[in-house]
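Q: Right, I'll just put the structure down here and ask away after.
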Amino acid sequence: MEGKIYGAIAKVMQDVGIVGKNDSNDYDKYKYRGIDAVMNALNPAMVKNKVFVAPTVLDAQREERAGKNGTTMMYTVLTVKYTFYTEDGSSVDCVVIGEAMDRSYKATNKAMSAA
């Protein structure tokens, strides 16, 4: 469907700009762009430009794996379709893969964030 969605997304991108890798994982020694920073940057721009997103998990795979220290980790791979909509009902889809491992119950949440 043609409509305002592509222009609205471009305006969101312009308003958000670059979200830096300002968080750090001291254990594994790397910098990362946290989901909270991304969401905090996106929300005002999406509201201003009347864009919202609806995720759909198309496929989910989970398995147990051994972690570095021999602990049991849950490994999750999600295929997620994100549909972005704007005020005239136009939309655009994108399909992405998110992967995550966690030693408790958060692997799926992390995979959604990665996606």
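The values are calculated or read from the model by the stated rules, or taken from the named source; none is laboratory data. Please read all numbers here as calculations on a predicted model, not as lab measurements. Cβ placement follows ideal geometry from the backbone for every residue including glycine, while neighbour counts extend to all protein chains displayed. With ligands, DNA and RNA removed, areas are computed over all heavy atoms of the protein, side chains included. Shrake-Rupley method; radii C 1.70, N 1.55, O 1.52, S 1.80 Å.
Q: Return the only residue of 83, 79 being open to solvent by less than 70 Å² (accessible area, probe 1.4 Å), in contact with a Leu (Cβ under 6 Å, 6 or more places away or on another chain), closer than 20 Å to residue 111 by Cα and outside any loop (DSSP other than H, G, I, E, B).
A: After ruling out the rest, the residue left standing is 79.
Q: Residue pairs, Cβ under 8 Å, 6 or more apart or interchain, first in segment 1-28 and touching a residue at least 60 places away in the same chain (Cβ under 8 Å), second surrounded by 14 or more Cβ atoms within 10 Å (Cβ to Cβ) and of a type in the set (Asp, Glu). List them.
A: Cβ pairs passing all conditions: none.
Q: Return the total of residues in segment 27-39 being surrounded by 12 or more Cβ atoms within 10 Å (Cβ to Cβ) and of a type outside the set (Phe, Trp, Tyr).
A: Within segment 27-39, residues that are surrounded by 12 or more Cβ atoms within 10 Å (Cβ to Cβ) and of a type outside the set (Phe, Trp, Tyr) number 6.
Q: Looking at segment 45-56, can you tell me whether even one residue there is within 17 Å of residue 115 (Cα to Cα) and of a type in the set (Lys, Arg)?
A: no
Q: Being open to solvent by 100 Å² or more (accessible area, probe 1.4 Å) and not hydrophobic (A, V, I, L, M, F, W, C) is the requirement here; does residue 43 meet it?
A: In short, no.
Q: So which residues in segment 9-26 are under 24 Å from residue 51 (Cα atoms), touching a strand residue (DSSP E or B) at 6+ places or on another chain (Cβ under 9 Å) and open to solvent by 60 Å² or more (accessible area, probe 1.4 Å)?
A: Once the filter is applied, which keeps residues that are under 24 Å from residue 51 (Cα atoms), touching a strand residue (DSSP E or B) at 6+ places or on another chain (Cβ under 9 Å) and open to solvent by 60 Å² or more (accessible area, probe 1.4 Å), segment 9-26 yields only 11.
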